[in-house]
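The values are calculated or read from the model by the stated rules, or taken from the named source; none is laboratory data. These numbers were taken from a predicted model, which means no experiment stands behind them. Note: ideal-geometry Cβ built from the backbone for every residue, glycine included; neighbour counts use all protein chains shown. Each accessible area value is taken on the protein alone, full model and side chains, heavy atoms only, with ligands, DNA and RNA left out. Shrake-Rupley method; radii C 1.70, N 1.55, O 1.52, S 1.80 Å.
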Amino acid sequence: MNSMNKIDHLALDGHALELFLAVLEEGSVTAAATRLGLTQSAVSHTLNKLRRIVGDPLFAKSGRGIVATAHAQALAAKARALIDEMRSFAGGVTFEPANAQLSLTIAANDFQRDLLLPRFFDHVAAHVTSLNLRVIPSQSPSPAMLRENRCDLLITPLPPSGVDIVQKRLLQDHYVCYYDPKARAAPVTRGAYLAARHITVVYTDNERLDFDRRLAANGFHRDIAISVPSFSGVPSFLRGSQMLASMPSLLAPGVVHGLAQARIPLASRTRTLAELPMFMVWHQRYQKDPAHRWIRSQLETVAATASHPGPAKT
């Protein structure tokens, strides 16, 4: 091995690898620069340095964006593994929140995002030197989100499975029936509930709510009039209409403020169908990491303070 190659591979650094992965995941130099808080010229300069080191263009233009070369795709897993090793090397055996500068990515859909993450940010920011929080949609979560380090934590009612995936329950909620009390009365019978037109959520990856899938699997068929990509899109359609929306009870203080809620009047056995547990999920690589353990404990603390409205009354 000649001296130039030795110098080149020793010129690798963690920031360059993080930047490479950001460009790969975003499919855009501009988006990666925004995500990392850098200028486009700084991103381009570092990419050029990496190209010289690995002897590959890494990215090629495709329409208005860029795509990774086959070699770049193959390097991605190695880059993530190297960053994990660097993190482990520098992590030490203790973690002092007061001296910490944290940068976190948490995957969560709108319900758990709005319920937990504003309070989580305030709570953690009060204990550390600095905190940068990036929130991405979890959609229908997959183990790859954690294995590929696209997020540090995942908050979801449907934790993905895998021998390297760890989960812990944060809280327990349940679905209730929301309606506009100025436009209609609560549905008190199964017939009234099933005869109404309904509004529901279908995420942008075409994934339906687990509650909707469970009802259909148990033979309960509803007339879905409107589907929106998030819970926050439901209230504007529900207000002033006679439609119903079955959504988590813990939404009540937030986006559905002013709407009424009632029990879903199907049968006693549907109480299980209406349950909505919420889990935090992480990769095994972080199981014993002191900083990650502290972050998980803070999220548990915030989840424990989430208000639980009493049973809805019809």
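Laid out as a table, the results:
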| item | result |
| --- | --- |
| Within region 96-131, tally of residues that are surrounded by fewer than 16 Cβ atoms within 10 Å (Cβ to Cβ) and either aromatic (Phe, Trp, Tyr) or touching a Gly at 6+ places or on another chain (Cβ under 6 Å) (or both) | 0 |
| 1 or more residues open to solvent by less than 20 Å² (accessible area, probe 1.4 Å) and modelled with pLDDT of 90 or more: qualifying helices (runs of 4 or more DSSP H) within region 202-314 | 210-217, 235-238, 290-304 |
| Condition met for Ala100 (within 30 Å of Val228 (Cα to Cα), in contact (Cβ under 8 Å) with a residue 12 or more places away in the chain and touching a Ser or Thr at 6+ places or on another chain (Cβ under 7 Å)) | no |
| Positions within region 159-175 being closer than 22 Å to Asp205 by Cα and surrounded by fewer than 17 Cβ atoms within 10 Å (Cβ to Cβ), in sequence order | Ser161, Gly162 |
| Selected residue [under 30 Å from Val135 (Cβ atoms), free of Cβ contacts under 8 Å to residues at least 40 places away in the same chain and either assigned to a helix (DSSP H, G or I) or over 28 Å from the mean Cα position of the chain (by Cα) (or both)] from Leu38, Leu19, Leu75 | Leu19 |
| Residue in region 129-143 that is among the hydrophobic types (A, V, I, L, M, F, W, C) and part of a loop (DSSP other than H, G, I, E, B) present | no |
| Among (1) over 27 Å from Leu250 (Cα atoms); (2) acidic (Asp, Glu); (3) in contact (Cβ under 8 Å) with a residue 24 or more places away in the chain - the single one Asp114 does not satisfy | (1) |
| Qualifying positions in region 184-208 - free of Cβ contacts under 8 Å to residues at least 12 places away in the same chain and more than 11 Å from Met243 (Cα to Cα) | Gly191, Asn206, Arg208 |
| Condition met for Val135 (free of Cβ contacts under 8 Å to residues at least 60 places away in the same chain, of a type in the set (Val, Ile, Thr) and open to solvent by 40 Å² or more (accessible area, probe 1.4 Å)) | yes |
| Odd one out for Ser28 among (1) farther than 22 Å from Thr105 by Cα; (2) within 27 Å of the chain's Cα centre (by Cα); (3) not hydrophobic (A, V, I, L, M, F, W, C) | (1) |
| Selected residue (criterion: surrounded by the fewest Cβ atoms within 10 Å (Cβ to Cβ)) from residues of region 49-69 that are in a strand (DSSP E or B) and of a type in the set (A, V, I, L, M, F, W, C) | Ala60 |
